[in-house]
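Written out below as structure tokens is the structure these notes cover.
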Amino acid sequence: MENQKMKALVLEEFGQPLVLKEIDIPQPNQGEVLVRVESTPINPSDASFMKGSYSSSRKAPCVPGFEGSGVVVKSGGGEVADSLLNKRVAFTAGGQNGTFAQYATANANFVLPIEDDVTFNQAASSFVNPLTVIAMLETVQQANAKAVVQSAAASALGRMMVRYFKQHGIEVINIVRRPEQIQILKNEGANIVLNSNQEDFLPTLKAHAIELNATVFFDAVAGPLTGQVLSSMPNGSTAYVYGALSLQEASISPTQLIFRDQSIKGLWLTKWLTTISKEQLKTAILKLQKLIKTELRTEIAQECSLQEGSQAVRQYIKNMSSGKILFKPQLQ
Ligand SMILES: NC(=O)c1ccc[n+]([C@@H]2O[C@H](COP(=O)([O-])OP(=O)(O)OC[C@H]3O[C@@H](n4cnc5c(N)ncnc54)[C@H](OP(=O)(O)O)[C@@H]3O)[C@@H](O)[C@H]2O)c1
């Protein structure tokens, strides 16, 4: 496959639309594999990366996309990489060129062979959100909390949290921003879903948070919501900001910090991955084989070809709660 070309969506400059181009098929280095990409989702991290507001070593021009699924067609050498040859896999691509292309390279340690009954579409979102929810459960267990609050709860990750935390006996107080999102979460088995645009939102949240002693807040929105929600939670509570969907700074009053012992921290999967051992990573990734079919599954809204490029990204941003939009790079 050396010197052969492939179709890819290229981000020439941050903030500019994606351009469909023919570029060289990347070659795997030692410990890497080359994957023929079958499905790859558009995530909030991609939208943020394309705007130039995401922390990544990837520089423009480049191919965006952080995760996907496909078939391993070449090994760059090494025991793990060789063992993956010809396997159907889910993978994450952290190098200079990502998954919005017909082929992508991946570190073999971040490649998960998928079971025969898992489709490429189901497997495409196996890493970013599922591993973050696993990291979140670990955070909750370390804090010895029995209940948490989450914002943007109708997101793919929010729905995973509802299912996975229920399985582990953790109560979730869910915050959404539209009335129709309440039923989406009830259908997932959520007990408490609050609309932040309702007048009685904060007093109702406070009653639940105090009753359940919910001391951890997973916040994907930031802005004024971070401090408002935290102020309705018990003294000593911590907000873990893991997304910035409002595109605003997270705010908290000094009173909360000084007199109520409340705090704000960040939570980032990339950082969490550096805190666990190779063995722990292997165990977590193997766990995903079953979990992506059950608690950590992802709803899919639509498939798009690479030709639909930036139009697909715009459509996703307009309608994020409907499920993931997937690029199907092999579609002509
Ligand atoms: N830190 C990490 O390591 C990490 C890892 C994975 C994911 N994340 C973050 O997790 C979040 C969810 O990701 P996802 O893939 O699950 O997203 P998703 O499925 O695309 O859903 C995004 C959700 O956010 C809601 N939303 C968008 N803008 C909002 C705003 N200004 N205020 C309140 N809600 C808003 C959307 O609701 P509407 O339909 O109402 O717009 C939708 O329900 C993102 O912020 C992502 O960056 C972080």
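Evaluate segment 240-260: report whether one residue or more is among the aromatic types (Phe, Trp, Tyr), outside any strand (DSSP E or B) and within 25 Å of the chain's Cα centre (by Cα).
Residues of segment 240-260 that are among the aromatic types (Phe, Trp, Tyr), as a first pass: 240, 242, 259.
From the residues that got through so far, the ones that are outside any strand (DSSP E or B) too are 242, 259.
Pick out the ones that are also within 25 Å of the chain's Cα centre (by Cα) and you get 242.
Yes, that holds for at least one residue.
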_Regarding segment 307-314, can at least one residue be identified that is at pLDDT 95 or above, loosely packed, with under 15 Cβ neighbours inside 10 Å, part of a strand (DSSP E or B) and out of contact with any helix residue (DSSP H, G or I) (no Cβ under 7 Å at 6 or more places or on another chain)?_
no
_Any chance Ile114 is within 16 Å of the ligand (Cβ to nearest atom) and either out of contact with any Pro (no Cβ under 7 Å at 6 or more places or on another chain) or aliphatic (A, V, I, L, M) (or both)_ = no
*State all residues of segment 119-151 that are at pLDDT 95 or above, out of contact with any Lys or Arg (no Cβ under 8 Å at 6 or more places or on another chain), within 12 Å of the ligand (Cβ to nearest atom) and not in a helix (DSSP H, G or I); if no residue qualifies, say none.*
Gln150, Ser151
*Answer with yes or no whether Ile285 is more than 14 Å from the ligand (Cβ to nearest atom), under 16 Å from the mean Cα position of the chain (by Cα) and of a type in the set (Val, Ile, Thr).*
yes
*Has segment 198-215 got at least one residue that is crowded, with 16+ Cβ neighbours inside 10 Å and within 11 Å of the ligand (Cβ to nearest atom)?*
no
*Residue satisfying condition, being away from the ligand (no atom under 14 Å from the Cβ), touching a helix residue (DSSP H, G or I) at 6+ places or on another chain (Cβ under 7 Å) and more than 25 Å from Ile317 (Cβ to Cβ), within set Ser231, Ser251*: Ser231
*Name the pairs: first residue in segment 144-155 and among the basic types (Lys, Arg), second residue modelled with pLDDT of 95 or more, Cβ to Cβ under 6 Å, at least 6 apart or on different chains?*
none
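The values are calculated or read from the model by the stated rules, or taken from the named source; none is laboratory data. The model shown is predicted, which means the values in this text are computed figures rather than measured ones. When we count neighbours, we look across all protein chains shown, and the Cβ atoms used for this are built from the backbone with ideal geometry, even at glycine.
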